[in-house]
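Have a look at the structure below before the remarks.
The values are calculated or read from the model by the stated rules, or taken from the named source; none is laboratory data. Given the structure is predicted, the values throughout are model-derived calculations rather than measurements. So basically every Cβ, Gly included, is an ideal-geometry build from the backbone, and we count neighbours across all protein chains shown. Note: areas computed on protein heavy atoms with side chains; ligands, DNA, RNA excluded. Shrake-Rupley method; radii C 1.70, N 1.55, O 1.52, S 1.80 Å.
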Amino acid sequence: EAKVLWKVDMIGKFGVFPRGTVMGLAHLCSIAGYKDFIYVLSSNGADEAYKQVAKPDAPSLICFKKDTGDAVWQDNSPGRNILYAQWSSPTIIEVGGRAQCVAPQGDGWVRSFDALTGKLVWQFDMNRKESRWSLERGTRNSILSSPVFADGRIYIASGQHPEFGDVLGRLVCLDPTKEGDISSE
């Protein structure tokens, strides 16, 4: 039988406000692992009225020690800019001798962090600068997909939950050897 080694109450310990999806689908992220660490997106999101981020200072991404459950580092880059919620899963890659945790975050940005230290390596805005967020046919999109690493590149798509109607999405191919803001605009 499986034995529980540790568990963490992310609401109690980190103050996250996990936000499920509309229509009760409630899909949340899968974890990613690398060496002695586990990476989790917290699903921190908007309040019940979808008007503001309930807990903007709560972490969006947490790195835990896999054997103890102790937090190693955390990130709350999206802060008050979370559009709705965060459901995608992080991806761990190794590029140029460095492990990166690539995280699709709730403000529509994909960010890559040094997997061991949590230091930001690069970030990419999946949305055009003129885009605007709205639950009803807005032009700014969330990231519902998880990053895929293939042939030295990151592939990821954005869009909106189907309940919000038909909107244009975006599929991008990113070079994870870059640093800083690598957005196309």
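A few remarks follow.
- Relative contact order for the range 1-100: 29 percent, from Cα pairs under 8 Å spaced at least 6 residues apart, divided by residue count.
- Taking θ as phi - 60° and the Karplus parameters 6.51, -1.76 and 1.60, the scalar couplings of the range 35-46 work out to 6, 9, 10, 10, 10, 9, 7, 7, 6, 4, x, 6 Hz in sequence order, x denoting glycine and proline.
- The chain: most fluctuating residue of 94, 48, 130 per GNM, C-alpha cutoff 10 Å: 130
- For the range 74-185, accessible area per residue (1.4 Å probe, heavy atoms of protein chains only), Å²: 47 Å²
- For the chain, lysine pairs separated by 8 or more sequence positions, or belonging to different chains, with Cα-Cα distances below 16 Å total 8.
- Residue 81 paired with residue 94, simple spin-label distance in nm, labels 7 Å along Cα-to-beta-carbon: 3.2 nm
- Extension gain, residue 148-residue 71: 0.36 nm per intervening residue step, less the Cα-Cα distance, totals 25.2 nm.
- Residue 120 accessible area, assembled protein chains, probe 1.4 Å, Å²: 80 Å²
- The chain: mean projected area of Cα convex hull, nm²: 11.2 nm²
- Per-residue Karplus couplings for the range 66-83, computed as 6.51 cos²θ - 1.76 cosθ + 1.60 with θ equal to phi - 60°, are listed in order as 6, 8, 10, x, 6, 6, 9, 7, 8, 9, 10, 3, x, x, 6, 8, 4, 6 Hz, Gly and Pro entered as x.
- Shape metrics for the range 1-103, restricted to C-alpha atoms - Rg then Dmax, Å: 14.3, 44
- With all protein chains in place and a 1.4 Å probe, the accessible surface of the chain carries 50 percent carbon and sulfur.
- For the chain, a Gaussian network of Cα nodes joined below 10 Å ranks 173, 63, 29 by mean-square fluctuation, and the top entry is 173.
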